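The structure appears below as structure tokens.
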Amino acid sequence: MTLRHRIRIVAVSSALVACGVAAAPVASATVTAAAPVIRNDSLALVASNALSDLNTFLATGDAGARIAYNSERAAIAATVAERLTIDPATLELAWRMADSSHQQALMGALSQLGVPYHRNSSNPGVGFDCSGLTAYAWAQAGVSIPHQSATQIKSSAARTAATAEAGDLVYYPGHAMMYLGVPGAIVHAPYTGRTVEVDVVSKSHRTTVRYGNPIG
């Protein structure tokens with residue numbers, strides 16, 4: 001592993017301390033109230049670094065980049081699991097089992113955590129609406145999808161809760177999200193006053209959402 005990647009892993013550890021990662025796995029539960037708004041989310045930088053390392057590995061086969069990415073991915077999963085009170089090992093496994101394009105899209109979305117919701121926007125670091133975020137995220141995998149939630153799901157290959165993988169689209173009328181690979185868990189840009197955040201789909205929508213794979 002290169003010195004750059006060793007330094008990055010140390011930086012990941014420091015950022016995750018700031019994020020308040022739980023020291024031990026947490027029990028599965030359902031979020032029943034809106035979580036606090038997190039602005040300038042420090043986890044976004046970790047995800048951005050992870051995406052960079054993943055891209056380096058995919059382009060060059062560099063083993064150091066792969067090791068750094070695997071460490072970053074596990075650390076991000078631990079933080080997200082702590083926020084959503086789900087099992088971190090299950091979450092990280094779902095991410096690890098997703099193909100590389102889905103992982104790129106997922107890290108792309110997570111790299112924008114804390115960015116404010118802005119209607120009709122897809123502007124990294126500045127603002128997103130729901131479909132703007134998913135369009136941006138999939139662009140990080142080299143996949144162009146329209147900036148319109150209903151069109152996104154219609155143009156994607158249909159999946160079910162049982163067949164969807166982390167990074168797939170999740171949709172209910174008027175809202176597009178990205179699946180985190182664990183039932184109900186998503187990352188999205190919800191509405192004015194909130195930021196890009198991880199969340200759990202409400203029980204009222206859990207059985208009616210549609211899933212779609214933008215790359216078939």
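The values are calculated or read from the model by the stated rules, or taken from the named source; none is laboratory data. Being a predicted model, the structure only gives us computed values, none of them experimental. Please note: Cβ atoms are built from the backbone with ideal geometry, for glycine as well, and neighbour counts cover all protein chains shown.
The residues in region 151-172 that are of a type in the set (D, E, K, R) and either at pLDDT below 95 or within 17 Å of the chain's Cα centre (by Cα) (or both) can be counted, and the count is 2. Of everything in region 35-75 that's polar (S, T, N, Q) and over 18 Å from the mean Cα position of the chain (by Cα), which residue is nearest to Met97 (Cα to Cα)? The residue in question is Thr56.
Within region 112-120, is there a residue that is under 13 Å from Leu51 (Cα atoms), within 12 Å of the chain's Cα centre (by Cα) and among the polar types (S, T, N, Q)? Please lay out each step first, then the result.
Quick first cut of region 112-120, residues under 13 Å from Leu51 (Cα atoms) only: 112.
Within this subset, residues satisfying the condition of being within 12 Å of the chain's Cα centre (by Cα) are 112.
With among the polar types (S, T, N, Q) added as a condition, the list becomes 112.
Yes, region 112-120 contains a residue that is under 13 Å from Leu51 (Cα atoms), within 12 Å of the chain's Cα centre (by Cα) and among the polar types (S, T, N, Q).
If you go through region 88-126 and keep only what is at positive phi and without any contact (Cβ under 8 Å) to a residue 40 or more places away in the chain, you end up with Asn120, Gly125.
Residues of region 170-216 that are of a type in the set (Asp, Glu) and surrounded by fewer than 20 Cβ atoms within 10 Å (Cβ to Cβ): Asp199 alone. Among the residues of region 114-150, the ones that are within 13 Å of Met177 (Cα to Cα) and of a type outside the set (Phe, Trp, Tyr) come to 12 in all. Ser155 - would you say it is out of contact with any helix residue (DSSP H, G or I) (no Cβ under 6 Å at 6 or more places or on another chain) and without any contact (Cβ under 8 Å) to a residue 24 or more places away in the chain? For Ser155, the condition - out of contact with any helix residue (DSSP H, G or I) (no Cβ under 6 Å at 6 or more places or on another chain) and without any contact (Cβ under 8 Å) to a residue 24 or more places away in the chain - is not met.
Against the definition (more than 17 Å from Pro124 (Cβ to Cβ) and either crowded, with 18+ Cβ neighbours inside 10 Å or under 16 Å from the mean Cα position of the chain (by Cα) (or both)), how does Thr90 come out, yes or no? Break it down into steps so the answer makes sense when it comes.
Numbers: more than 17 Å from Pro124 (Cβ to Cβ): yes; either crowded, with 18+ Cβ neighbours inside 10 Å or under 16 Å from the mean Cα position of the chain (by Cα) (or both): yes.
Yes: the conditions hold for Thr90.
Candidates are the residues of region 180-216 that are of a type in the set (Ser, Thr, Tyr) and at pLDDT below 95; the one that is nearest to Asp41 (Cα to Cα) is Ser202.
Taking region 133-169, which residues are among the basic types (Lys, Arg) and surrounded by fewer than 14 Cβ atoms within 10 Å (Cβ to Cβ)? Result: Lys154, single match.
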